[in-house]
Amino acid sequence: MEEKLQFFGEFVKTCDEHNQYIGQGNPTSNILIVGMEPAIGSGNPKEEIRGNIEWVKECMNTDIQKLYCMDLQRTTFKGNHTWKVYQKLIDFIKEGHSTCGPFLDFGKFAFATEMNNWTGKRKIITSTNMNTFKNVLEERRKLFKDSKFIQSFPVTILACSNYIVNNDEDRQIDNTFDVTYDTYGEHRIISPKGKAYHFWTHHSSDGKRLVVHTRQLSTDIPTNMIEKLAETINAHLINIENKSDLIQ
């Protein structure tokens, strides 16, 4: 745990120097969730990123548990809000079912950050800002690749759709996280309404790290998709014999 906190401190310092979003949650947990972008969008993007950095630094200087003990009330978030889906996934990993508790405490059992350093409740990519957007994502991938903290998680969930890709021309996931796409890495789930959902799995060469790539976890994600994700993550944690460390 001390080593991981050291890695986290180094990550915070780098983000501070380069004005990069850090996130929130338990930095010593086993699960990293990477969403699309910080859904803030209430003012100046640079100031919003700086606000997250300063908050994290304050928590580290006073009480690091403030990073994941935020008393988030479920009723504060409407519909299938991303954080409510994160909570549902953690519930299925821990309990095998959704608890529907009054608070969202997923941050105790996972650390959540974003693939895009731009803030906004809705991100509209246009022809005029496409190159800048690609540069932002490239800078973010380099940050993740070079970070011992980001690379330390036994489970990484890339819930950010095509913000990071693996294709014949560009193996971004493999190269960023030092993993290889599994031989049978495509998982296809059919929802009760007949819609297909997918996630793809990758492992490090020593088998100790699992990287899952899928779409954003929000809106119409069905329960059986969450169940399959949890089953896959649990199988990995059991296989590396550290599932007992999930709750810290």
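The number of residues in the stretch 33-56 that are crowded, with 16+ Cβ neighbours inside 10 Å and either in contact (Cβ under 8 Å) with a residue 40 or more places away in the chain or of a type in the set (D, E, K, R) (or both) comes to 13. Are there any pairs with C-beta distances below 7 angstrom linking a residue in the stretch 192-210 that is more than 28 Å from Ile238 (Cα to Cα) to a residue that is outside any strand (DSSP E or B), with the two at least 6 apart or on different chains, and if so which? Between residues of the stretch 192-210 that are more than 28 Å from Ile238 (Cα to Cα) and residues that are outside any strand (DSSP E or B), the close pairs are Pro192/Pro222.
Could you tell me which residue of the stretch 42-52 is nearest to Asp91 (Cα to Cα), considering only residues that are out of contact with any helix residue (DSSP H, G or I) (no Cβ under 8 Å at 6 or more places or on another chain) and either of a type outside the set (D, E, K, R) or in a loop (DSSP other than H, G, I, E, B) (or both)? Write out each step before concluding.
Restricting attention to the stretch 42-52, the residues satisfying the condition of being out of contact with any helix residue (DSSP H, G or I) (no Cβ under 8 Å at 6 or more places or on another chain) are 43-52.
Filter once more, so that each one left must be either of a type outside the set (D, E, K, R) or in a loop (DSSP other than H, G, I, E, B) (or both): 43-45, 49, 51-52.
Numbers: Gly43: 33, Asn44: 35, Pro45: 32, Ile49: 29, Gly51: 29, Asn52: 26 Å.
Looking at residues that are out of contact with any helix residue (DSSP H, G or I) (no Cβ under 8 Å at 6 or more places or on another chain) and either of a type outside the set (D, E, K, R) or in a loop (DSSP other than H, G, I, E, B) (or both), I get Asn52.
The single condition among (1) loosely packed, with under 14 Cβ neighbours inside 10 Å; (2) at negative phi that Phe92 does not meet is (1). Checking the stretch 11-32 against the condition returns no match, with no residue being assigned to a helix (DSSP H, G or I), aliphatic (A, V, I, L, M) and surrounded by 21 or more Cβ atoms within 10 Å (Cβ to Cβ).
When Gly41 is tested against (1) in contact with a Gly (Cβ under 6 Å, 6 or more places away or on another chain); (2) at pLDDT 95 or above, only condition (2) is not met.
Being of a type in the set (Lys, Arg), out of contact with any Ser or Thr (no Cβ under 6 Å at 6 or more places or on another chain) and over 24 Å from Asn26 (Cα atoms), is that true of even one residue in the stretch 163-176? Even if it seems obvious, please write down each step before you answer.
Taking the stretch 163-176 first, the residues of a type in the set (Lys, Arg) are 171.
Okay, now just the ones that are also out of contact with any Ser or Thr (no Cβ under 6 Å at 6 or more places or on another chain), so 171.
Still in the running and over 24 Å from Asn26 (Cα atoms): 171.
Yes, because at least one residue in the stretch 163-176 is of a type in the set (Lys, Arg), out of contact with any Ser or Thr (no Cβ under 6 Å at 6 or more places or on another chain) and over 24 Å from Asn26 (Cα atoms).
The values are calculated or read from the model by the stated rules, or taken from the named source; none is laboratory data. Remember, it's a predicted structure, so these values are computed and weren't measured experimentally. Neighbour counts are summed over all protein chains in view; Cβ atoms, including those assigned to glycine, are modelled from backbone coordinates with ideal geometry.
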